[in-house]
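The values are calculated or read from the model by the stated rules, or taken from the named source; none is laboratory data. On a predicted model such as this, the values are computed, not experimentally measured, just so you know. Cβ placement follows ideal geometry from the backbone for every residue including glycine, while neighbour counts extend to all protein chains displayed. SASA here: full protein model, heavy atoms, side chains in, ligands and nucleic acids out. Shrake-Rupley method; radii C 1.70, N 1.55, O 1.52, S 1.80 Å.
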Amino acid sequence: MNKIKVMPMELANQIAAGEVVTRPAAIVKELVENALDAQATKIIIDVFEGGIAKIIVDDNGVGMSPRDAELAFQRHATSKLFREHELKYITTLGFRGEALPSIAAVSEVQLTTANKDTELATNVFVIGGVVKKIEDSTRSVGTQIVIKKLFYNTPARLKFLKSVPTELAHIADIVGKLALSHPNCSFSLQHDGRAVFATPARGRLEEVCHALYGLQVAEQLLPVKAIHNEFGIEGVIAKPEVNRANRNYCSFFLNQRYVRSLVLSRAILNAYATLLPRGRFPVGVINITLDPQLMDINVHPAKLEVRLSKEQECCTLLTSAVKGVLLKQDLIPDYQITTPSIQRSETVVRQQKLDLRSPVLKPEPVERGAEPRAELNPQTVKAAFPMMEPLAQVEGTYIVAQGSEGFYLIDQHAAHERIFYEEFLKKLTTKKLQSHMPLMPLMLEASHQEVAVIISCTKQLLALGLELESFGQGTYLVRKYPDWFQAEQVAGWIHEILALLERSEKISVAELRDEQAKLMACKAAIKAHQKLSKAEMEMLILNLSDCQERFTCPHGRPIFIHFSKYQLEKMFKRIM
C-alpha cells in the first residue's frame, strides 16, 4: 500500500492555522493589520474573556465588495501581492492571504462589510473554515469581523491558553504597538464591555504614549530624528530615570511595521550606556524608514522578525542619534512629592507643562546619499551643568549644594566614581591590546560550566588576550592575560569573562575594558561616611562638570537629586 497520501483540506487548514493563530492576541494583530491596510482611521476592538469567548474588530476602512468578501476566506487570496518580484517591495502589513482562512479554520467567523460602491453590506458566515451562508446586510462603509468559539475544534490548543488576564495583557500589548506605529488612527480596546485604553487620531505620538503609559512617562519623552543614506529615524525616547525591568517598553518599527529585534535593542542600550542601572531598560518608540528592498519580512509566520540589510549602518545611526539627544539633556531627576493632596496639584502642573505638539511618527521619504543629520553632534553638544555651591554633608555621604533653582543632594561616591570611570576608560581605550606573560603562571580553578565555556570559546578568549592551559580536572594555568588587568584581579576578571561568554559568545575587547574601568573606578572612588572639606567638595563638583556624562554613576545610579524652589514652597504650604 502507498504510504504517502494527500491530507484532507480541513486538517491542512488546521495545521496552517497553528502558524498564525497561536493565541487570541495573534488574531487581533492580523485583523487590525488588515484594517490598517484598508486605510482605516478608526478601529474598535472588543474582546470577551481575554479573547477566548469572542473577539470583535470594527473599522471604518474602505470595505469589500460581496465577491471580495467571499474570496477573502480562500487560502492565499490577497489584494496585495500578485507577482514574484513584488516580494521585494512589500509596503503593506499583510500580504500572504493566510489570516482569515487560518482564523476561520479554528473558530466561527462572521464578517460584515460594505464599500462605497455598493448599496448594501455583505454578511459572510464561516464555521471551521467552511462558508455556511452569505447574505445582504446594512452598515456604514468599513468592516466588522466577529470571532467566536476559538479552538472549538482543536481542544488540545484550547487547554494551552493562559489565564484571562494573561491573554488580555498580550492583546493590549499588540494593540498598543500598532497604535504607536499609527498615531493618525484612533484605537479603542475594550474588555468585557469595559474600556482598557483609547487613543486619539491627531497624529501626535506623545498623546499615544500618554494613553498607553501615563502622563509621567509622556512628559519625560524626548524627540529623536536622524537621516543618513538609506535610513531615516524618527520617534521618542524617555529620560533614563524612566526605565523598566524588561525590553518590552522600547518598540521598534520598520516602515511602521512592528518588529522584535535584539540588534536594534542593543543599539539603544549602547546609547544609554551607563545612564541606566544594570538590568533596567529604556522606554521609547523608534520608527525606521527605509527602502522595502533592504528588509525581508517573510521569514516569520507572524512577521515579527525581519532580515535587515546594512544592519550595522542602521544601528550606528540609531546609537548616535539617541546618544546625541541624551547628552544635551539635563538628566538630574527632581524629587517627587508623594503627599496625596500635594500630588494632585503636581499632576495638574505637569499636565499644563506637557507639550503635545510633537512631530508626527510617520514614514518620510529618505533622501538617497544624504549627509548624516542627527539631533546635534554627541561629540560637541553637552547638557548645561547647573551652577551650585556646596554647603555641607549629610551622614558624610551626601553633599548638600545650593543653586539658583533650589538645592541639590549629591551622592559623593557616585560622583567620584563617574570621574574615575571616564578617566580610566580613556586610558584603557588608548592602549593597544597586548598580553602580559607572568613569570610564574597563575592558577585558576574553574567550575564544570566554566570548563565547557573555555573549551568552546578558545578562539574568543585568545582574541581577548587570554591564554589558558589545562592543568588537570577543573584547573587551568593562566599563560597570558591583557596587560591592563591588575595582577590581583586576574582570576576574578577571568571568572567574569567566562560568565559573559556563557550568556553570549560575542564579547568585545571594548566591552571588557568598559567593565574593567567600572571596577577600577568603584574601588578608587571615595566611600560613604568619608568626611570632606568644603574645598574638596568644590573640587569634586568641578571635576564632575568636566565629565562627558555627569548625571549617573557608571552603573546607572543617579548622582544628583534636585529639590526645586517650587517643590520646597509646596511642601511648606507657602503655595496651596
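Looking across the stretch 42-59, the residues that are in a strand (DSSP E or B), open to solvent by less than 40 Å² (accessible area, probe 1.4 Å) and either at pLDDT below 95 or closer than 15 Å to V196 by Cα (or both) come down to I43, I45, D46, V47, I55, I56, V57.
Working only within the stretch 35-60, note down all residues that are small (G, A, S) and over 25 Å from the mean Cα position of the chain (by Cα). It would help to see each step written out before you state the result.
So the first thing to find is which residues in the stretch 35-60 are small (G, A, S), and the list is 35, 38, 40, 50-51, 53.
Result: A38, A40, G51, A53.
Output the residue which, of all residues in the stretch 458-509 that are open to solvent by 50 Å² or more (accessible area, probe 1.4 Å) and of a type in the set (A, V, I, L, M), is modelled with the lowest pLDDT. Only one residue tops the list, namely A487.
If you take the residues of the stretch 108-136 that are outside any loop (DSSP other than H, G, I, E, B) and acidic (D, E), which of them is surrounded by the most Cβ atoms within 10 Å (Cβ to Cβ)? Before you say what the answer is, go through the steps one by one.
Keep residues of the stretch 108-136 that are outside any loop (DSSP other than H, G, I, E, B), which gives 108-114, 121-127, 130-136.
Checking which are acidic (D, E) leaves us with 108, 135-136.
On the way: E108: 18, E135: 11, D136: 11.
Checking each candidate, the answer is E108.
Within the stretch 268-285, the set of residues being among the small types (G, A, S) and in contact (Cβ under 8 Å) with a residue 40 or more places away in the chain comprises A271, A273, G284. Do we have I268 as under 14 Å from the mean Cα position of the chain (by Cα) and either closer than 14 Å to L326 by Cα or open to solvent by less than 30 Å² (accessible area, probe 1.4 Å) (or both) here? Spelling it out, I268 is indeed under 14 Å from the mean Cα position of the chain (by Cα) and either closer than 14 Å to L326 by Cα or open to solvent by less than 30 Å² (accessible area, probe 1.4 Å) (or both). Taking S404 as the residue in question, decide whether it is surrounded by 13 or more Cβ atoms within 10 Å (Cβ to Cβ), farther than 23 Å from H555 by Cβ and touching a Pro at 6+ places or on another chain (Cβ under 9 Å). Here the answer is no, as S404 does not meet what is asked. Within the option set A105, A172, being open to solvent by less than 50 Å² (accessible area, probe 1.4 Å), within 28 Å of V259 (Cβ to Cβ), without any contact (Cβ under 8 Å) to a residue 40 or more places away in the chain and small (G, A, S) holds for one residue only, A172. Restricting the stretch 433-451 to residues that are under 18 Å from A499 (Cα atoms) and touching a helix residue (DSSP H, G or I) at 6+ places or on another chain (Cβ under 8 Å), which is least open to solvent (accessible area, probe 1.4 Å)? Among them, the one singled out is L444.
Evaluate the following for G214: is it small (G, A, S) and touching a residue at least 24 places away in the same chain (Cβ under 8 Å)?
Working: small (G, A, S): yes; touching a residue at least 24 places away in the same chain (Cβ under 8 Å): no.
Criteria not met by G214.
Report whether or not T430 is modelled with pLDDT under 80, within 34 Å of the chain's Cα centre (by Cα), open to solvent by 60 Å² or more (accessible area, probe 1.4 Å) and polar (S, T, N, Q).
Values: modelled with pLDDT under 80: yes; within 34 Å of the chain's Cα centre (by Cα): yes; open to solvent by 60 Å² or more (accessible area, probe 1.4 Å): yes; polar (S, T, N, Q): yes.
Judged against the criteria, T430 is a match.
Just one of the listed residues (M539, M437) is closer than 29 Å to R557 by Cβ and not hydroxyl-bearing (S, T, Y), namely M539. When the stretch 559-576 is filtered for residues that are open to solvent by 20 Å² or more (accessible area, probe 1.4 Å) and part of a helix (DSSP H, G or I), the ones remaining, listed by number, are K565, Y566, L568, E569, M571. Please work out which residue is nearest to L276 (Cα to Cα), limiting yourself to the stretch 535-558 and to residues that are surrounded by 13 or more Cβ atoms within 10 Å (Cβ to Cβ) and over 35 Å from the mean Cα position of the chain (by Cα). Here the answer is L540. With respect to (1) part of a loop (DSSP other than H, G, I, E, B); (2) in contact with a strand residue (DSSP E or B) (Cβ under 6 Å, 6 or more places away or on another chain); (3) not polar (S, T, N, Q), the lone exception for G556 is condition (2). Going residue by residue through the stretch 514-525, is there one that turns out to be farther than 21 Å from P386 by Cα and not in a helix (DSSP H, G or I)? Yes, the stretch 514-525 contains a residue that is farther than 21 Å from P386 by Cα and not in a helix (DSSP H, G or I). Considering (1) loosely packed, with under 15 Cβ neighbours inside 10 Å; (2) closer than 29 Å to S456 by Cβ; (3) within 33 Å of the chain's Cα centre (by Cα), the lone condition that L512 does not fulfil carries the number (1).
Could you tell me whether Y213 is hydroxyl-bearing (S, T, Y), surrounded by fewer than 23 Cβ atoms within 10 Å (Cβ to Cβ) and over 20 Å from K323 (Cα atoms)? Write out each step before concluding.
Working: hydroxyl-bearing (S, T, Y): yes; surrounded by fewer than 23 Cβ atoms within 10 Å (Cβ to Cβ): yes; over 20 Å from K323 (Cα atoms): yes.
Criteria met by Y213.
Could you please let me know if V236 is part of a strand (DSSP E or B) and crowded, with 17+ Cβ neighbours inside 10 Å?
Working: part of a strand (DSSP E or B): yes; crowded, with 17+ Cβ neighbours inside 10 Å: yes.
Yes; evaluated as a whole, the condition is true for this residue.
The residues of the stretch 51-67 that are of a type outside the set (A, V, I, L, M, F, W, C) and touching a residue at least 24 places away in the same chain (Cβ under 8 Å), listed by number, are G51, K54, D58, D59, N60, G61, G63, S65, P66. Remark: S265 falls outside the filter, which requires a residue to be out of contact with any Pro (no Cβ under 6 Å at 6 or more places or on another chain) and in contact (Cβ under 8 Å) with a residue 24 or more places away in the chain. Residues that are surrounded by fewer than 18 Cβ atoms within 10 Å (Cβ to Cβ) and out of contact with any helix residue (DSSP H, G or I) (no Cβ under 6 Å at 6 or more places or on another chain) within the stretch 216-231 comprise Q216, P223, K225, N229, listed in sequence order.
Within the stretch 223-242, the set of residues being of a type outside the set (D, E) and closer than 16 Å to D334 by Cβ comprises A238, K239, P240, V242.
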